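K.L.:
Following this message is one structure expressed as structure tokens.
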């Protein structure tokens, strides 16, 4: 009579040497642990560099510290995403599906902010793909170019001048004579029953604003407001 033996379960042996070999020299489709740390460390350094250049060249009205931190974090996250894509195609498809449900609604007002965002993404792509030399040369070249371009001051200053005066032909003539001495362009003219309001764009090579006093000295001019204009904001 045939005897049936009780099946034995294969023994699972924890091999420390095998684990260390996989960490140091992993099979195809896995990252070296040293590559992970090197990639993330370089991404952090490049992200801090981009954040510092953003702060040093900022020309807007209000500096946002959170956006500066986001630039560094975005470099790290992009590098990690590229590392994941290089390991497993299934993980890549899952990540694309997860990111597709995210809606970014933060409005970017300054075009230069978009430049820095794309710079952080491209740097994260390079470090995540282990193109460290490309990331280093790109960071140095782009950083120097931005510092040169943004720190270069224009010799022409732009002002917005708002003048209010009574509806009087003499006052209108005197204001026109004074404005003709300046490089100006009329933006708007509002005429009511008693007063006239002019909005004029002025361009000057110096910050000499003595013409405002001459305008307010004209008989019939009630007030004149001068503001410095720099594209997206008024200061």
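The values are calculated or read from the model by the stated rules, or taken from the named source; none is laboratory data. Here the structure is a predicted model, which is why all the values come from computation and not from measurement. All Cβ positions, even for glycine, are placed from backbone atoms using ideal geometry, and neighbour counts span all protein chains on display.
K.L.:
Which members of region 120-135 meet the condition of being part of a helix (DSSP H, G or I) and surrounded by 14 or more Cβ atoms within 10 Å (Cβ to Cβ)? Before you say what the answer is, go through the steps one by one.
P.N.:
Residues of region 120-135 that are part of a helix (DSSP H, G or I), as a first pass: 120-128, 132-135.
Once the filter is applied, which keeps residues that are part of a helix (DSSP H, G or I) and surrounded by 14 or more Cβ atoms within 10 Å (Cβ to Cβ), region 120-135 yields 120, 121, 122, 123, 124, 125, 126, 127, 128, 132, 134, 135.
Yes/no matrix, rows are residues, columns are (1) under 30 Å from residue 125 (Cβ atoms); (2) at pLDDT 85 or above; (3) not in a helix (DSSP H, G or I):
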position: 137; (1), (2), (3): yes, yes, no
position: 140; (1), (2), (3): yes, yes, no
position: 146; (1), (2), (3): yes, yes, no
position: 150; (1), (2), (3): yes, no, no
position: 158; (1), (2), (3): no, no, yes
position: 162; (1), (2), (3): no, yes, yes
position: 172; (1), (2), (3): no, no, no
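K.L.:
Would you mind telling me which numbered condition in (1) more than 15 Å from residue 164 (Cα to Cα); (2) in contact (Cβ under 8 Å) with a residue 40 or more places away in the chain; (3) surrounded by 13 or more Cβ atoms within 10 Å (Cβ to Cβ) residue 200 fails?
P.N.:
(1)
K.L.:
From the list 92, 78, which one is farther than 18 Å from residue 143 by Cα, modelled with pLDDT under 85 and either more than 18 Å from the chain's Cα centre (by Cα) or surrounded by 14 or more Cβ atoms within 10 Å (Cβ to Cβ) (or both)? Give the derivation first.
P.N.:
Details: 78 fails: modelled with pLDDT under 85.
Among 92, 78, only 92 is farther than 18 Å from residue 143 by Cα, modelled with pLDDT under 85 and either more than 18 Å from the chain's Cα centre (by Cα) or surrounded by 14 or more Cβ atoms within 10 Å (Cβ to Cβ) (or both).
K.L.:
Take residue 193 and decide whether it is assigned to a loop (DSSP other than H, G, I, E, B) and either over 30 Å from residue 115 (Cα atoms) or touching a strand residue (DSSP E or B) at 6+ places or on another chain (Cβ under 6 Å) (or both). Working first, answer last.
P.N.:
Numbers: assigned to a loop (DSSP other than H, G, I, E, B): yes; either over 30 Å from residue 115 (Cα atoms) or touching a strand residue (DSSP E or B) at 6+ places or on another chain (Cβ under 6 Å) (or both): yes.
When the stated conditions are applied, residue 193 passes them.
K.L.:
State whether the residues of region 100-115 include one that is more than 30 Å from residue 205 (Cβ to Cβ), assigned by TED's automatic domain parsing to the domain that holds residue 206 and either modelled with pLDDT of 90 or more or part of a helix (DSSP H, G or I) (or both). Don't jump to the end; show me each part of the working.
P.N.:
Of region 100-115, the ones more than 30 Å from residue 205 (Cβ to Cβ) are 100-108, 114.
So of that shortlist, the ones also assigned by TED's automatic domain parsing to the domain that holds residue 206 come out as none.
Checked region 100-115: no residue is more than 30 Å from residue 205 (Cβ to Cβ), assigned by TED's automatic domain parsing to the domain that holds residue 206 and either modelled with pLDDT of 90 or more or part of a helix (DSSP H, G or I) (or both).
K.L.:
Examine region 179-190 for a residue that is in contact with a helix residue (DSSP H, G or I) (Cβ under 7 Å, 6 or more places away or on another chain), more than 30 Å from residue 120 (Cα to Cα) and surrounded by 15 or more Cβ atoms within 10 Å (Cβ to Cβ), and state whether such a residue exists.
P.N.:
No; the residues of region 179-190 include none that is in contact with a helix residue (DSSP H, G or I) (Cβ under 7 Å, 6 or more places away or on another chain), more than 30 Å from residue 120 (Cα to Cα) and surrounded by 15 or more Cβ atoms within 10 Å (Cβ to Cβ).
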